[in-house]
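Written out below as structure tokens is the structure these notes cover.
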Amino acid sequence: MKTNKQFGFTLIELLIVVAIIAILAALAINSYRDSVRKTRRARGVADMIALTNDFERFYTANNTYVGYWTNATLVPASRKQSPNEATVPFYTIAASNITQTTYTLTATAQVDQVNDICDGLAITQTGLKSVTEGTVGECWGTR
């Protein structure tokens, strides 16, 4: 008597493969989102450092920080966000404590960036960096 061999997958085997693919996809998506947030944070840090450089140039020419942040020619509204050219920024940047010799720049996370561990960054005229959450080394990239 001749027996017929059957080839193929059972439904259980197929479900196991689908479950494994779903788990791997979930891990990959979370890792991707984390990488995107880190990239956006790095851009926010770079934009803040560019502003601190501009503050220092203004101070060198005028012997004061007062007047720089409010000058729309020197600091257009697009420079008060990161990225500068974005219609929906990931950080809004504000200056406070502006005197002749001091200032503090603060970047506050917006939209999806609020899910980042480093949702608030700050830097002063002395270069002192701080964060609202996380560590300075992790958030400012100075580990």
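When the residues of the range 77-95 are narrowed to those that are touching a residue at least 40 places away in the same chain (Cβ under 8 Å) and assigned to a loop (DSSP other than H, G, I, E, B), which ends up farthest from Ala61 (Cα to Cα)?
Phe90
Could you tell me whether the range 61-74 includes any residue that is loosely packed, with under 15 Cβ neighbours inside 10 Å, modelled with pLDDT of 90 or more and part of a helix (DSSP H, G or I)?
yes
Find all pairs meeting these conditions: Cβ atoms under 7 angstrom apart; at least six residues apart or on different chains; first residue within the range 45-63 and closer than 21 Å to Glu138 by Cβ; second residue among the polar types (S, T, N, Q) and surrounded by 13 or more Cβ atoms within 10 Å (Cβ to Cβ).
Asp47/Ser82; Asp47/Asn84
The values are calculated or read from the model by the stated rules, or taken from the named source; none is laboratory data. In this text, all values refer to a predicted model and were calculated from it rather than measured experimentally. Note that we place each Cβ from the backbone using ideal geometry, even for glycine, and neighbour counts take in every protein chain shown.
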